[in-house]
1. So Ala50 passes all but one of these: (1) at pLDDT 70 or above; (2) part of a helix (DSSP H, G or I). Which condition number does it fail?
2. Could you please give the count of residues in region 1-47 that are loosely packed, with under 12 Cβ neighbours inside 10 Å, among the small types (Gly, Ala, Ser) and at pLDDT 95 or above?
Amino acid sequence: MLENSELLERRIRERAFELWQEAGCPEGRADEFWHLARERETGAQALDLAEESGRNYPPDSNSQNFS
């Protein structure tokens, strides 16, 4: 069974490839797509964790309770 970090790495790699293909497979921009995919996947992961815990993410700006 893959660990969470390995699963995240795989999802980032797959997302980066999809983004690269959608952009027309430009040469020399692998790092750009990797970073973009990482931002999106780690953001999605944070949202998933927040939903599991029943918290708002990000907290409402009107809310005083951030826990």
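The values are calculated or read from the model by the stated rules, or taken from the named source; none is laboratory data. This one's a predicted model, so the numbers in the text were calculated from it and none came from an experiment. Cβ placement follows ideal geometry from the backbone for every residue including glycine, while neighbour counts extend to all protein chains displayed.
1. The single condition Ala50 does not satisfy is (1).
2. Number satisfying all stated conditions: 2.
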